[in-house]
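Below is one structure, written out as structure tokens; comments come after it.
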Amino acid sequence: MEITTRKIQVYDTPVKDGSVDGVKLTAIIDQLNFQAGRRLQAVVEQVGSLPRQQGAFAFGLSTGKIHGVLDALGIVYVLAPPSQWKPAMGLRRLLNESQGDNKSRARRLAQELWPENAADFARVKDDGRAESAILGRWFATKMGWLC
């Protein structure tokens, strides 16, 4: 995998009362659209919950808010199942690898890909940032924007 030193912009998903804050998310995407001077494209991980998983309703509500904001802003987006993008980026869960170890590998990969952003992926709780950035790189490569 090619390593780059190009810095990326990292944003945490805004949260209010335990769910995605649609107003703040809209403001972030509007600002990015303005900076880009064109309508953005996005990739969103296609997620689901296991039956009886605690918090499944709140998780589904947050996922729906993200889709709704993108739809309302006219952002074309692709849903990417983890079974597609994770193996392509070398993040398939290894035999006997815990989920935590897999997420740590994602953070290390993000630090390798974007060394100037290493601090953005340094903490254990930054695994979501790392996976999101790597998902974005997978999408950009798939679209032919990166080699």
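Quick look at the numbers
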| quantity | calculated |
| --- | --- |
| Conditions (1) surrounded by 11 or more Cβ atoms within 10 Å (Cβ to Cβ); (2) under 21 Å from Ala140 (Cα atoms); (3) without any contact (Cβ under 8 Å) to a residue 12 or more places away in the chain: number failed by Ser83 | (1) |
| Residue that is nearest to Ala58 (Cα to Cα), among those in the range 13-27 that are modelled with pLDDT of 95 or more and of a type in the set (D, E, K, R) | Asp21 |
| Count of the range 28-57 residues which are touching a helix residue (DSSP H, G or I) at 6+ places or on another chain (Cβ under 9 Å), within 12 Å of Leu70 (Cα to Cα) and at pLDDT 85 or above | 6 |
| Failed criterion for Ala56 (all others in (1) within 17 Å of the chain's Cα centre (by Cα); (2) outside the structural domain of Glu112 (by TED's automatic domain parsing); (3) within 22 Å of Lys125 (Cα to Cα) hold) | (1) |
| Single unsatisfied condition, Asn117 versus (1) of a type outside the set (D, E, K, R); (2) surrounded by fewer than 15 Cβ atoms within 10 Å (Cβ to Cβ); (3) in contact (Cβ under 8 Å) with a residue 60 or more places away in the chain | (2) |
| Helices (runs of 4 or more DSSP H) completely within the range 45-147 that count 2 or more residues being among the basic types (Lys, Arg) | 99-113, 127-142 |
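The values are calculated or read from the model by the stated rules, or taken from the named source; none is laboratory data. In this text, all values refer to a predicted model and were calculated from it rather than measured experimentally. Here Cβ is always computed from backbone atoms with ideal geometry, including for glycine, and neighbour counts include all displayed protein chains.
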